[in-house]
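Since the structure comes first, as structure tokens, the remarks are kept for the end.
The values are calculated or read from the model by the stated rules, or taken from the named source; none is laboratory data. The structure displayed is predicted, hence computed values, not measured ones. Please note: Cβ atoms are built from the backbone with ideal geometry, for glycine as well, and neighbour counts cover all protein chains shown. Accessible surface areas use protein heavy atoms only, side chains included; no ligands, DNA or RNA. Shrake-Rupley method; radii C 1.70, N 1.55, O 1.52, S 1.80 Å.
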Amino acid sequence: MAMLPFRPTPFFRNKNRAFWNLQIGGWVGVTLFRAASALVNSQPLDFLILILIGSITGFSISLVFSVIYRWLIDRRPLVTWGVTGLVLAVGVGLYAFVDSWVISLYYPDREIGLLQRFFSYFYLDLTLLGAWSALYYAINYFLQVERQADQLERLEAQATAAQLAMLRYQLNPHFLFNTLNSISTLVLLKQTEPANAMLTRLSSFLRHTLLTQPTGKVTLDQEVETLKLYLGIERMRFEERLRTDFQIEPAAREAMLPAMLLQPLVENAIKYGVSQQEEGAKISIAARVVGSQLRITVSDTGPGLNAGGQRHRLPGAMTGEGRTESTGVGLANIRDRLVQAYGDAQLFEIRTPPEGGFTVVIELPFENVDSDIAASAGSLQVKPESMKPETASAVSIAPEAPTTTKAPEKAVRGSFLGVGRPIGSKL
């Protein structure tokens, strides 16, 4: 949803006060305009009393209008505009009668009759009260539209947060599925001590992940520590076959990213890289700051997707064609979380070098701890996750199945409309 060219926060935050400011200011303006016109036309000073009486009359009639219009504004269009026209005609008639009667008292010797004066003032007063009525409806309809847009954006922001939480929670059974399979294998092989040690480390890992909010962010340093806990579990199974290399630039250590973003990538590298080769594989995790972006690369020296001379197609690779042990949510989960969190500001790219191996490159906006706190405390406006749902990622192939989720195009602006009643609803 497009942002308005201006935000009416200060003036319309208190709609009752805004109504009185406009009401008093408008009628004072009308009074001054009529007074200036009378003085220019060489009217006596006591004629200003008539102008003041006319302005007070119009002010009072418009207050009655505001009460009636408040009741009409939420009705069906036929009722709203039909009754509005009738009320406006009665109000203008009353206003014109008061004006003509007061003038008749001021000029009793003139031959112009009361009825003739009534019709001459009727069109002038119709213009004035008609403009007042049009402004009343226009302002209140504008505020209603803004309030509904604000509520819609809040609902979409809540839906986005729920989607992020779902994607985050999806990792827990996905990770447990694979880890418990490893523990089950150790138990079947009568390797009780390694199995018990793996369960202990699994408990520590899960306790660590429970400390993180499902939609929260952590620093890259914290994410690396989580990865090391996970690798400690898997290293008990693969021993020297699992080799790791961390190349984290100092400037990238304090960068913020969604929690548990990299663990499925490492798990994918172990599943399709380390376990597929007798000699195992080396998993490399590199991170550096490139301009305003944080670039993270997770690669392995496994067989890749071109093993056996057959290049997998994207659906087959991501669904694990012929591999029933995969839950098929890892890489697709990461892709969808990035789309939800950053929209078009992120990159998720999969590379399969001809010599083998598998590489995933992630780029996302660089945010450190201070900037993330300032952004959340200073504004409720949409973060980058509120951008368009289509991802700019260059996904060509991946070993696990995609989930089909879309990110809403917007997110939330702060509420600036105050209460949901029409302006001028309190008298």
Q. So if we plug the beta-carbon distance of Ser204 and Phe11 into 1/(1 + (r/R0)^6) with R0 = 41 Å, what FRET efficiency do we get, rounded to 0.05?
A. 0.15
Q) For the pair Glu225 and Arg154, what calculated FRET efficiency results from E = 1/(1 + (r/R0)^6), where r is the Cβ-Cβ distance and R0 = 35 Å, to the nearest 0.05? A) 0.50
Q. How much of the accessible area of segment 1-133, in percent, comes from carbon and sulfur atoms when a 1.4 Å probe is used?
A. 72
**Q.** Surrounding net charge for Phe97, when Lys and Arg each add one and Asp and Glu each subtract one, Cβ distance under 13 Å
**A.** -1
Q) Which whole-angstrom value gives the distance between the alpha carbon centres of segment 220-245 and segment 72-109? A) 81
Q) What is the sum of charges around Ile61, taking Lys and Arg as +1, Asp and Glu as -1, for the other residues whose C-beta is under 13 Å from the C-beta of Ile61? A) -2
Q: Take the Cα of Leu86, step 7 Å along the line toward its Cβ, and report every residue of segment 41-66 whose backbone nitrogen sits under 16 Å from that point.
A: 65
Q) Based on Cβ point charges of +1 for Lys and Arg and -1 for Asp and Glu, what charge dipole magnitude is obtained for segment 69-154 about its Cα centre, in debye rounded to the nearest 20? A) 260
(Q) Can you give the local net charge around Ser204? Use residues other than it whose beta-carbon is closer than 13 angstrom to its beta-carbon, Lys and Arg +1, Asp and Glu -1. (A) +2
